[in-house]
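In what follows, a structure is listed as structure tokens, so that the remarks can point back to it.
The values are calculated or read from the model by the stated rules, or taken from the named source; none is laboratory data. Please read these numbers as outputs of a predicted model, since none were measured by experiment. Glycine gets a Cβ as well: all are built from the backbone with ideal geometry, and neighbour counts include every protein chain shown. With ligands, DNA and RNA removed, areas are computed over all heavy atoms of the protein, side chains included. Shrake-Rupley method; radii C 1.70, N 1.55, O 1.52, S 1.80 Å.
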Amino acid sequence: IKSTEQLSAAGRERLEKVGIELSGEGRSASFIQVDNNPIQVSVEKETPLELMNTAEAARKHPELVEKYWWKAVAPDTDKYTAKTALEREQGYFIRVRAGHKISSPLQACVYIGHEDQLQRVHNIVIVEEGAELNIISGCASDPGVDSGIHIGISEFYVEKGGRLSFTMIHSWSENIAVRPRTVTIIGEDAQFTSNYICLEKVKDVQMCPTTRLVGKGAVARLNSILVAPEGAHMDIGGKSILEVPGTKAEVITRAISTGGTIINRGLLAGMSEGVRAHLECNGLMLGEKGRIYAIPELDAHTGNAELSHEAAVGRIAP
């Protein structure tokens, strides 16, 4: 597949379902990768951002490779990161120069188009000092694809005073195994918001995005909306490490089981004085066979870290 026009009608419909506008209308830029090949990379005229395949970016900006590549996510984190690090670079590179605020969303899509694919993705996003960006990321598989594996390594850097909003919508086939590994490093007075939505059956999702708040006044918000039909297994969490004073974080999950299993993990680590963070999971049971596990962890390393959690799992009263 070399263009979106070669996708089936059902495939194009699924892309639209996860927030991808194939016309590019209302988007500042578009990146679409099918299997392990980018088929569309475009930026609206005079939009002050860089967008390209990660391999091309590594050739064009060798000075950035030393500073950003595999600095947030360690290659030896697990077998999935190791596999991706050993292969040729795939995925998207996004950089917004200092002071530029992109008003329209950038859309990035990673799509499995053929049966039994092992899709390896390595994404790099850099929001420089004072810059702002909103990313809509749609990850999906063709309706005709039954099985495959998606490995997605993402490294996000939000520098001093920057703002990054990242919304990821998943729509996979029933027998796809999904392994995202994401770490975001947030600088002084910077803000990062992550919204993750998965409303359909998927064989196995395992992810726990991590935010490292390394600058004073940094803020992180991780929001998840999950629906697990019968046969779905979602092991999904969020981790915030508050490394310096004056940082704030929240990890909020809304989960519904209609027969599937949801394991919701959350970890707040207060590593410094005067940090504040909250962890919350609300689970609703709508099926006899379903399970929701809430596993909150609070790890305070100082005497005045304010860390709290609230978890509830149950049914609606008659």
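Averaged per residue, the chain has 43 square angstrom of accessible surface, using a 1.4 angstrom probe with ligands and nucleic acids left out.
Accessible surface ranking for R315, R254, R163, 1.4 angstrom probe, highest first: R315, R254, R163. When P(r) over Cα pairs in 10 Å bins from 0, in percent is computed from the coordinates, the matching label among (1) 5, 24, 33, 25, 10, 2, 0; (2) 5, 21, 29, 29, 15, 2, 0; (3) 6, 27, 35, 24, 7, 1, 0 is (3). The distance from the alpha carbon centre of the stretch 6-39 to that of the stretch 205-219 is 28 Å, rounded to a whole number. Note on D78 and E115: the model spin-label points, each 7 Å out from Cα along the C-beta direction, lie 2.8 nm apart.
I'd like the carbon and sulfur percentage of the solvent accessible area for the chain, probe radius 1.4 Å, heavy atoms only, ligands and nucleic acids excluded. Ligands and nucleic acids excluded, carbon and sulfur give 48 percent. Residues whose amide H lies under 5 Å from that of H61, counting only those 5 or more places away or on a different chain, are absent; hydrogens are built 1.01 Å from N in the peptide plane. Using the Cβ of V41 as centre and a radius below 11 Å, the other residues enclosed give a net charge of -2, where K and R count +1 and D and E count -1.
Spatially, the stretch 298-316 and the stretch 115-169 are offset by 28 Å when compared through their Cα centroids. Rolling a 1.4 Å probe over the protein heavy atoms leaves T77 with an accessible area of roughly 80 Å². Phi angles of the stretch 198-212 translate, via the Karplus equation with coefficients 6.51, -1.76, 1.60 and θ = phi - 60°, into HN-Hα couplings of 9, 10, 10, 5, 9, 4, 6, 10, 9, 7, 8, x, 10, 10, 10 Hz per residue; Gly and Pro are given as x. DSSP finds beta bridges in the chain, and of those with both partners inside it, around 10 percent are antiparallel. Annotation: D299 carries an accessible surface of approximately 70 Å², with a 1.4 Å probe and no ligand, DNA or RNA atoms counted. With the simple spin-label model, which puts each label point 7 Å out from Cα in the Cβ direction, the I225 to N304 separation comes to 3.9 nm. Would you mind classifying the stretch 54-207 by shape? Square roots of the alpha carbon gyration tensor eigenvalues, ordered a ≥ b ≥ c; an a/c under 1.5 is rounded, otherwise it is prolate if a/b is larger than b/c and oblate if not. The shape class here is prolate.
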